[in-house]
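*Asks:* Here it is, the structure, as structure tokens.
The values are calculated or read from the model by the stated rules, or taken from the named source; none is laboratory data. Please read these numbers as outputs of a predicted model, since none were measured by experiment. Counting neighbours? That spans all protein chains shown, and the Cβs are built from the backbone with ideal geometry, glycine included.
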Amino acid sequence: MAQQDDVFKKIVSHAKEYGFVFQSSEIYDGLSAVYDYGQNGVELKNNIKRYWWEAMTLLHENIVGIDSAIFMHPTIWKASGHVDAFNDPLIDNRDSKKRYRADVLIEEQLAKYDDKIAKEVAKARKRFGESFDEAMFLQTNGRVAEIVAKRDALHERFAAAMNDNNLDELRQIILDEEIVCPISGTRNWTEVRQFNLMFKTEMGSTADGAMTVYLRPETAQGIFVNYLNVQKTGRMRLPFGIAQIGKAFRNEIVARQFIFRMREFEQMEMQFFVQPGREMEYFAYWKEQRLRWHKALGLGDEKYRYHDHDKLAHYANAATDIEFQMPFGFKEVEGIHSRTNFDLSQHEKYSGKKIQYFDPERNESYTPYVIETSIGVDRMFLSVLCSSYEEQKLEGGDTRVVLHLPEALAPVKCAVMPLVKKDGLPEKAREIVNDLKFDFATHYDEKDSIGKRYRRQDAIGTPFCITVDHQTLEDGTVTLRERDSMQQTRVAIADLHRLIHDRVSLNSLLRKLA
Ligand code: GAP
């Protein structure tokens, strides 16, 4: 674990050093859990968003996009349940004066049991080799069976407490499990209280009578309140989807792990409206589709898993998360929810407007059911960054830091470098840049030795480096160096466009999904 912590720290400082992510307001000592994206970060982020947007709107003829405002009528949040129920259970440690989410403390305790079990299993697998039977081992090894039983009992108790909103029971679990504050090391806990996560602000001057408005905690409600507009103006027929990318805000109390849990973040959400009774079929469809989208990036199939929810949100009748293996464990990156007709019905009730669909096949009107896919852009960014980072040992004892980013997502696709800054090589290199830049994010670099220039591009994940040398002037060829293999091949300038395009275009990724 300590080793993983070290790797994560290195990734965070790499993200800053190479212009991916900066602490917000850094020269004023920073603003907690708020981050800015730098020159390379914004490109990587935009490419992730483009991959999602195009997978939704180009590959599905029944999905369209919108861009709704962040400010919305405050009654929307009453109707959606966020004013009354968008809460986290908080607990304070009296000695350290630190505040924690009670549910997170318990989840971390569950993860500790899981770690212990996994370690025992790994040891036994090594001991028994080929003949190892994991299921049998978990049942028959006394010590391990005891840990499994403890974990299962805790899991059941925790799920029940969360479902019943039983705050006293959450506190009791923390005491019974002897969970200590990581700062003070004590068990001097306060009661557990509910805390609403929405940010409030005022709209209009006080003289006019200001109205309290909220910064949206999810983009989804902007889609629900535009359901009728899009259905009618787009003449959409069920099933159809509305996609949106935009900022969301939550006053997170436990804001840790870099851009994993932020107070201002971005979501990519899609609401898929279906006939009542068909929601489970589409829930299964979107579960499968979304995992395929993730896996097409090639970050490693073993790094993903589904996590079905024990406690369903107030609007859902089925929910699962797609979790990704971050350096700090498997964590939620995306949620897929079957939201029933809860939101549309609530908006119908609170607005007094009829929000229904007339189904020409059934010859009746009804409120559609909804399957939602909701992914955090920043968490996606973090998963791509973490799984791409490598400190690689090279022959001869040298090391390099390389980001093996999926090529279509890389901020810079190719860097063009004259071997030396004279003899007409810079001019030739500029000529190549001026041709490639219309199709690919292309860098020109002539500073420092060629080795240093390669390292700089490796560190930001540039898939290709093109070196212009004296031979280029004679025969119109250049060296094309690949980031991952570091292999160099001599290719004609005329072939560069095709060779690069085949590898870095978003099309190649999207085709894997079709
Ligand atoms: N509309 C449903 C919804 O908002 P959610 O599970 O609360 O569901 C969806 O959020 C996704 O948004 C999460 O899977 C996560 O990727 C991202 N997300 C949520 N809170 C976040 C935060 N504080 N910082 C960064 N990303 C967050």
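*Asks:* Residue by residue through region 350-386, note down the ones that are in a helix (DSSP H, G or I), touching a strand residue (DSSP E or B) at 6+ places or on another chain (Cβ under 8 Å) and among the hydroxyl-bearing types (Ser, Thr, Tyr).
*Replies:* 383
*Asks:* Considering only residues that are in contact (Cβ under 8 Å) with a residue 40 or more places away in the chain and either under 28 Å from residue 75 (Cβ atoms) or within 30 Å of the chain's Cα centre (by Cα) (or both), which ones fall in region 183-209?
*Replies:* Initially, region 183-209 is screened for residues in contact (Cβ under 8 Å) with a residue 40 or more places away in the chain, giving 183-184, 186, 188-199, 203.
Those that are in contact (Cβ under 8 Å) with a residue 40 or more places away in the chain and either under 28 Å from residue 75 (Cβ atoms) or within 30 Å of the chain's Cα centre (by Cα) (or both): 183, 192, 193, 194, 195, 196, 197, 198, 199, 203.
*Asks:* Right, next: Find the strands (runs of 3 or more DSSP E) located wholly in region 182-291 whose residues include 2 or more that are more than 10 Å from the ligand (Cβ to nearest atom) and polar (S, T, N, Q), and list them.
*Replies:* Numbers: elements: 193-196, 199-203, 211-215, 240-249, 264-274.
Here the list reads 193-196.
*Asks:* Separate question: Given the criteria surrounded by 15 or more Cβ atoms within 10 Å (Cβ to Cβ) and either assigned to a strand (DSSP E or B) or modelled with pLDDT under 95 (or both), does residue 337 qualify? First the steps, then the outcome.
*Replies:* Values: surrounded by 15 or more Cβ atoms within 10 Å (Cβ to Cβ): yes; either assigned to a strand (DSSP E or B) or modelled with pLDDT under 95 (or both): yes.
Yes: the conditions hold for residue 337.
*Asks:* Within region 457-492, can you find the residues that are surrounded by fewer than 19 Cβ atoms within 10 Å (Cβ to Cβ) and of a type in the set (Val, Ile, Thr)?
*Replies:* The answer is 477, 479, 489, 491.
*Asks:* Also, quick follow-up: I'm checking my understanding of the structure. Among residues of region 303-334 that are modelled with pLDDT of 95 or more and acidic (Asp, Glu), which one is surrounded by the most Cβ atoms within 10 Å (Cβ to Cβ)?
*Replies:* 334
*Asks:* Filter region 1-19 down to the residues that are more than 30 Å from residue 118 (Cβ to Cβ) and either in contact with a strand residue (DSSP E or B) (Cβ under 7 Å, 6 or more places away or on another chain) or modelled with pLDDT under 95 (or both) and list them by number. Give the derivation first.
*Replies:* First, pick out the residues of region 1-19 that are more than 30 Å from residue 118 (Cβ to Cβ): 16-19.
Of everything in region 1-19, just one residue is more than 30 Å from residue 118 (Cβ to Cβ) and either in contact with a strand residue (DSSP E or B) (Cβ under 7 Å, 6 or more places away or on another chain) or modelled with pLDDT under 95 (or both), namely 16.
*Asks:* Another question about this same structure. With the condition being more than 19 Å from residue 410 (Cβ to Cβ), I'd like the helices (runs of 4 or more DSSP H) fully within region 431-514 carrying at least 2 qualifying residues.
*Replies:* Working: elements: 450-460, 470-475, 493-504, 506-513.
Helices (runs of 4 or more DSSP H) meeting the threshold: 450-460, 470-475, 493-504.
One line per residue, one yes/no per condition, for (1) more than 28 Å from the chain's Cα centre (by Cα); (2) exposed (fewer than 15 other Cβ atoms within 10 Å of the Cβ):
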{"site": "141", "(1), (2)": "yes, no"}
{"site": "153", "(1), (2)": "yes, yes"}
{"site": "159", "(1), (2)": "no, yes"}
{"site": "171", "(1), (2)": "yes, no"}
{"site": "174", "(1), (2)": "yes, no"}
{"site": "211", "(1), (2)": "yes, yes"}
{"site": "227", "(1), (2)": "no, no"}
{"site": "234", "(1), (2)": "yes, yes"}
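*Asks:* Taking region 54-84 as the search range and keeping residues that are among the hydrophobic types (A, V, I, L, M, F, W, C), assigned to a helix (DSSP H, G or I) and under 24 Å from the mean Cα position of the chain (by Cα), which one is nearest to residue 374 (Cα to Cα)? Before you say what the answer is, go through the steps one by one.
*Replies:* Step one: list which residues in region 54-84 are among the hydrophobic types (A, V, I, L, M, F, W, C), which gives 55-56, 58-59, 63-64, 66, 69-72, 76-77, 79, 83.
Narrowing the set further to residues that are assigned to a helix (DSSP H, G or I) leaves 55-56, 76-77, 79, 83.
Checking which are under 24 Å from the mean Cα position of the chain (by Cα) leaves us with 55-56.
Working: 55: 14, 56: 12 Å.
Applying the filter and picking the extreme gives 56.
*Asks:* Any residue in region 249-262 that is surrounded by 16 or more Cβ atoms within 10 Å (Cβ to Cβ), in contact with a Pro (Cβ under 8 Å, 6 or more places away or on another chain), at pLDDT 95 or above and not acidic (Asp, Glu)? If you could, list the steps in order and put the result at the bottom.
*Replies:* Within region 249-262, the subset surrounded by 16 or more Cβ atoms within 10 Å (Cβ to Cβ) is 249-254, 257-262.
From what's left, in contact with a Pro (Cβ under 8 Å, 6 or more places away or on another chain): 249-250.
Checking which are at pLDDT 95 or above leaves us with 249-250.
With the extra rule that they be not acidic (Asp, Glu), the set shrinks to 249-250.
Looking for residues that are surrounded by 16 or more Cβ atoms within 10 Å (Cβ to Cβ), in contact with a Pro (Cβ under 8 Å, 6 or more places away or on another chain), at pLDDT 95 or above and not acidic (Asp, Glu), one finds at least one in region 249-262, hence yes.
*Asks:* Mind checking whether some residue in region 368-382 is in contact with a Leu (Cβ under 8 Å, 6 or more places away or on another chain), surrounded by 23 or more Cβ atoms within 10 Å (Cβ to Cβ), assigned by TED's automatic domain parsing to the domain that holds residue 440 and among the aliphatic types (A, V, I, L, M)?
*Replies:* no
*Asks:* Check region 428-446 and report whether any residue there is within 16 Å of the ligand (Cβ to nearest atom) and of a type outside the set (Ser, Thr, Tyr).
*Replies:* To start, the set of residues in region 428-446 that are within 16 Å of the ligand (Cβ to nearest atom) comprises none.
No, region 428-446 has no match at all.
*Asks:* Among 347, 307, which is assigned to a strand (DSSP E or B), within 16 Å of the ligand (Cβ to nearest atom) and out of contact with any His (no Cβ under 9 Å at 6 or more places or on another chain)?
*Replies:* Values: 347 fails: assigned to a strand (DSSP E or B).
Selected residue: 307, the only one of 347, 307 that is assigned to a strand (DSSP E or B), within 16 Å of the ligand (Cβ to nearest atom) and out of contact with any His (no Cβ under 9 Å at 6 or more places or on another chain).
*Asks:* Here's a follow-up. Counting only residues that are free of Cβ contacts under 8 Å to residues at least 40 places away in the same chain and not hydroxyl-bearing (Ser, Thr, Tyr), how many does region 457-482 have? Can you show your working first?
*Replies:* As a first pass, look at region 457-482 and keep what is free of Cβ contacts under 8 Å to residues at least 40 places away in the same chain: 471, 474-477, 479-482.
Going one step further and asking which of them are not hydroxyl-bearing (Ser, Thr, Tyr), we end up with 471, 474-476, 480-482.
Residues in region 457-482 being free of Cβ contacts under 8 Å to residues at least 40 places away in the same chain and not hydroxyl-bearing (Ser, Thr, Tyr): 7 in total.
*Asks:* Let me ask something else about it. In region 79-97, which residues are touching a residue at least 24 places away in the same chain (Cβ under 8 Å), over 22 Å from residue 162 (Cα atoms) and of a type outside the set (S, T, N, Q)?
*Replies:* 79, 94, 95
*Asks:* If you don't mind, there's one more thing I want to ask. Out of 503, 498, which single residue is under 26 Å from residue 406 (Cβ atoms), touching a residue at least 24 places away in the same chain (Cβ under 8 Å) and of a type in the set (Lys, Arg)?
*Replies:* Working: 498 fails: touching a residue at least 24 places away in the same chain (Cβ under 8 Å).
It is 503.
*Asks:* Tell me, which residue of region 1-53 that is part of a strand (DSSP E or B) and of a type in the set (Ser, Thr, Tyr) is surrounded by the most Cβ atoms within 10 Å (Cβ to Cβ)? Steps first, answer last, please.
*Replies:* Initially, region 1-53 is screened for residues part of a strand (DSSP E or B), giving 21-23, 35-37.
Within this subset, residues satisfying the condition of being of a type in the set (Ser, Thr, Tyr) are 35, 37.
Details: 35: 23, 37: 21.
The qualifying residue surrounded by the most Cβ atoms within 10 Å (Cβ to Cβ) is 35.
*Asks:* Is it true that residue 290 is under 30 Å from residue 72 (Cα atoms) and modelled with pLDDT under 95? Steps first, answer last, please.
*Replies:* Details: under 30 Å from residue 72 (Cα atoms): yes; modelled with pLDDT under 95: no.
Here the answer is no, as residue 290 does not meet what is asked.
*Asks:* Residues of region 353-393 being away from the ligand (no atom under 16 Å from the Cβ), in contact (Cβ under 8 Å) with a residue 24 or more places away in the chain and of a type in the set (A, V, I, L, M, F, W, C), which ones?
*Replies:* Passing the criteria: only 355.
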